[in-house]
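*Asks:* Would you mind keeping the following structure in view while I ask a few things?
The values are calculated or read from the model by the stated rules, or taken from the named source; none is laboratory data. Just so it is clear, the structure is predicted and the values come from calculations on it, not from any experiment. Backbone-built Cβ (ideal geometry, glycine too); neighbour counts: all protein chains shown.
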Amino acid sequence: MVEHFPSSPQANDEIINRLGLSADELRLAKEVHVQNAERLLERLREQAVELTDEQHELSSAVASELDAVLRTHGIDTPNHPAPEVIALTQTDFLESTGGTETAQQRTGGVFIPALNTIVLRYLKKAWSKDARNETFVHMLAHESVHAVGIRRMQTILTPEGDAAIEAHRSGLHIFVLDNPERSRFFDLNEAVTEMLAITISNRVIRARPKQFRTAMVSQIAHYLRHASGDAPWRTLAVKMGWQPNDSDEVTSAIAGRLLDEKKFPYSVGRERFRAYVKQRRVLKKVMDEIGKRNPGDYGTPSDVEALFYRAMIGGTMLELGRVIEETFGAGTFRLMAEDYVGEDLRERLEPNRP
């Protein structure tokens, strides 16, 4: 039997009102949904690509680091069963998730609440092993954050099975799939999720420099090439013999030495993953301003991060909404819900912009 998270009365009422279902029709629709969900899970398992022993170990590491990061912010992860992780080929992934190739290549994974299952796009064997595993870690971290953030979920099919509506609440995220215009907090949810996923990925990868050597050397070399002026790590590299006009091979060699001597910047890797860049840029402005304007309550970046993580994992929307409204003015929280990358919100975040 497929396990379901508890449904909220509010979500149920919204769905019932939208579909106009009677109590008997609602019961039948639930039965149909459970049957469909079980069939889908069976098919996904049949199509699954077997994960390597290394990837199973990395999956456990992602779960442990997620718990550890949240605990540092005083957040206990919900006591839900751990989601099942299934990897599919590119073709099967697109078919099963209903996504377009362009969209799904950006994300590479999806969490299906009804099945408590994370489905990942298995990467091409042409990639190096540690590059595949690095991306595997990050995709899994992103979807794992979604999994712990899902607080209540209900999916209903009409008795005829020809119309589907899904509403699930993950703290910052409330949306109805059949009406994208009514999405709420989608961009903010993804920005916070990706920020947390990057932190988790870095912790997993940085704890395994030998396992991810090729990927980490590439990251450090990229950082050195793009570091400007007398940035501390560029200066250190120059002292070790690297010059700006040296070849890529020399740069990579210096990067390897920095890695071996554990002399590399903490920020390496934080921007390697390029998902939801625009959304994270807006989030950073919001978080920076909250810290500047509320130094007593949110004096460190960690304090501000915890505010958003509590909203996403614990559903403390009132706390987050109050802080944002007090910081940026009445109506800002609604703008973040409905027009996250719009001009009105941008003007509030950058009041002195010409």
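*Asks:* Can you pull out the helices (runs of 4 or more DSSP H) entirely within region 1-95 that have at least 2 residues that are at pLDDT 85 or above?
*Replies:* Result: 23-47, 53-72.
*Asks:* Take region 332-343 and flag every residue that is at pLDDT below 90 and out of contact with any Gly (no Cβ under 8 Å at 6 or more places or on another chain).
*Replies:* Arg334, Met336, Ala337, Glu338, Asp339, Tyr340, Val341, Gly342, Glu343
*Asks:* Return a yes/no flag: does region 260-279 have any residue that is assigned to a helix (DSSP H, G or I), modelled with pLDDT under 95, surrounded by 17 or more Cβ atoms within 10 Å (Cβ to Cβ) and out of contact with any Leu (no Cβ under 8 Å at 6 or more places or on another chain). Before the answer, list the steps.
*Replies:* First, pick out the residues of region 260-279 that are assigned to a helix (DSSP H, G or I): 260, 277-279.
Now drop any that are not modelled with pLDDT under 95, which leaves 260, 277-279.
With the extra rule that they be surrounded by 17 or more Cβ atoms within 10 Å (Cβ to Cβ), the set shrinks to 279.
Those still in the list that are out of contact with any Leu (no Cβ under 8 Å at 6 or more places or on another chain) too: none.
Checked against the condition, which is being assigned to a helix (DSSP H, G or I), modelled with pLDDT under 95, surrounded by 17 or more Cβ atoms within 10 Å (Cβ to Cβ) and out of contact with any Leu (no Cβ under 8 Å at 6 or more places or on another chain), region 260-279 yields no hits at all.
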